[in-house]
Amino acid sequence: MAPYDSEPGADDGSLEALRERNRLRVVDALRRSGTATRGDLARLTGLSRTTVASLVADLAARGLVVPPREAAETRPGARGRPPGLLRLDPSAGVALGIDFGHRHVRVAAADLASTVLAEAHAQLDVDGDAGAALDTAADLVCRVLADSDIDRSRVVAAGMGLPGPYDRRRRTVSSSSILPGWVGIDARAELAQRIEVEVEADNDANLGALGELTFGAARGLADVVYVKIATGIGAGLILDGSLRRGATGIAGELGHVQVNFDGVVCNCGGRGCLQTLASTESLLAAARAAHGPELTLAGLIELVNAGDFGSRRLVGEAGRAVGAVLADLCNHVNPEAIVVGGDLSGAGEPLLAGIREAIDRRALPGAAQAVTVMAGELGERAEVLGALTLVIADTDRLRSAGLAALSGAG
């Protein structure tokens, strides 16, 4: 008997509950794969082909699953009618993604098939004034909904990312020194009130990990560390295909691992944190001694890409510092890939080579050999796309939102 199929002796109530769980498994498999045949769904869910066929018919009748087309191509030598491909109906709902960086807000809307419909962004100081940042986000939400001609009633929920430690139990930012203007504020509730949509919040590095897992360099992988190197340094941990946040949601705060006991004081209050050696701010402070006080991060990356020896060496040293911390993480969680994102990722090979060198030198040989260090593919959009995934991948949330396709018998 296939997993999750019905069992003899189950009463009608338990059978309906089991059927609903199986429907959710099919929806989740379609969301992850984009398109799939009934045979694919049987393999992905562990359900029997007969059960899958029944569930697909049920979901199609409720308007959540549609056939985009009959498959036009089959494997060479295949015989018979091509298998019908299925996908989620894009018109069944819309998700919003909202990414708060330290100096920007970015908003996107997507359908439930993960097709981005519209995006907008604005530059502003996010850290010191939560109210202004939230107001700007609400304005951008109105803009993307208008640009894509979406009625707000079709929005299932919004995912939002914050550029600092976010305590999911207390629903607040947990560091007054990193986001001083957000202390004591329930950002979820504040944004939900402004945009009249339910909101789910998370740390920006976690959302970057979800973005790269769903849309970018980590597609098809199960055990991945996404490291964001920017004004701060954080990691999102994907283990066995799922995001791991820890007890309160602040797992992956690599920037505040102490790497130099006698180092400079960090904004977290500690001394010698990784962030004081390898963040974009610390690198710019060092590079400006040679290139002048007007040097920007874009200018530093341009120098690196142009082959400037001192700039490449500086970025390589930052990579080795980050890699030393990641080497310990490799020993602990044994990832198959480390995906490097954030503002500094534009420095390219000198940064990746430094990280790789430190992991090879410091991690257990088996852990070092198992991991590939690669650049992210999504750039500055990783976090906002991850915020969309936070909603689109949450099948229980779609059910609680009352979508007809998941709301019981019909």
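Please give the FRET efficiency for GLU317 paired with SER54, using the beta carbon to beta carbon distance and R0 = 60 Å, rounded to the nearest 0.05. The formula returns an efficiency of 0.50 here.
Once you have a ≥ b ≥ c as the square roots of the Cα gyration tensor eigenvalues for segment 232-299, tell me rounded if a/c is under 1.5, and otherwise prolate or oblate according to whether a/b is larger than b/c. The shape class here is oblate. Projecting the Cα atoms of GLY270, PHE309, ALA363 onto the charge dipole of the chain, computed from C-beta unit charges around the Cα centre, puts ALA363 farthest toward the positive end. Taking 0.36 nm per residue of separation and subtracting the current Cα-Cα distance, fully stretching the chain between THR248 and GLN123 would add 42.0 nm.
At a probe radius of 1.4 angstrom, the accessible area of the chain per residue rounds to 45 square angstrom. Positive end of the dipole of segment 265-349 (Cβ unit charges, origin at the Cα centre): among GLY342, THR280, GLY299, the Cα lying farthest that way belongs to THR280. Note on ASP328 and THR296: with the Förster distance fixed at 30 Å, the Cβ-Cβ geometry gives a FRET efficiency of about 0.40. Among ILE195, ILE238, ILE355, the largest mean-square fluctuation in a Gaussian network model of the chain, built with springs joining Cα atoms closer than 10 Å, belongs to ILE195. Springs between Cα atoms under 10 Å define the GNM used for the chain, and in it the highest mean-square fluctuation of GLU16, GLU281, GLU119 occurs at GLU16. Helix 130-147 axis versus longest C-alpha principal axis of the chain: approximately 50°, rounded to the nearest ten. Considering helices alone, the calculated mean residue ellipticity of the chain at 222 nm is -13000 deg cm²/dmol, with DSSP H runs of length four and up weighted by -39500 (n - 2.57) and normalised per residue. Each part reduced to its alpha carbon centroid, segment 323-390 and segment 167-200 end up 28 Å apart.
With a Förster radius of 25 Å applied to the C-beta separation of ARG219 and VAL66, the computed FRET efficiency comes to 0.60. Counting Lys and Arg as +1 and Asp and Glu as -1 over every other residue whose Cβ lies under 15 Å from the Cβ of ALA298, the net charge comes to -4. LEU314: net charge of surrounding residues, Cβ under 12 Å, Lys/Arg +1, Asp/Glu -1, itself excluded? Counting the neighbours of LEU314, the net charge comes to +2. Take the alpha carbon gyration tensor of segment 250-367, find the square roots of its eigenvalues, order them as a ≥ b ≥ c, and report rounded if a/c is under 1.5; if not, report prolate when a/b exceeds b/c, else oblate. Because a/c hits 1.5 or more and a/b fails to exceed b/c, segment 250-367 counts as oblate. Relative contact order of segment 327-390, taken over Cα pairs closer than 8 Å and 6 or more residues apart, is 49 percent. Within the accessible area of the chain, the carbon and sulfur atoms contribute 48%, probe 1.4 Å, all protein chains present. With θ taken as phi - 60° and the Karplus curve 6.51 cos²θ - 1.76 cosθ + 1.60 applied, the whole-hertz 3J(HN,Hα) list for segment 210-220 is 5, x, 5, 5, 8, 10, x, 5, 9, 4, x Hz, x standing for glycine and proline. In a fully extended conformation the segment linking ARG361 and GLU281 would gain 26.1 nm over its present Cα-Cα distance, using 0.36 nm per residue.
The residue list GLY101, ALA120, ALA60 was ranked by how far each Cα lies along the charge dipole of the chain toward its positive end, using unit charges on Cβ atoms, and ALA60 comes out on top.
The values are calculated or read from the model by the stated rules, or taken from the named source; none is laboratory data. Quantities reported herein were computed from a predicted structural model and do not represent experimental measurements. Cβ: placed from backbone, ideal geometry, glycine included. Neighbour counts: every protein chain shown. For the accessible areas, the whole protein counts, side chains as well, though only heavy atoms, and no ligand, DNA or RNA atoms are used. Shrake-Rupley method; radii C 1.70, N 1.55, O 1.52, S 1.80 Å.
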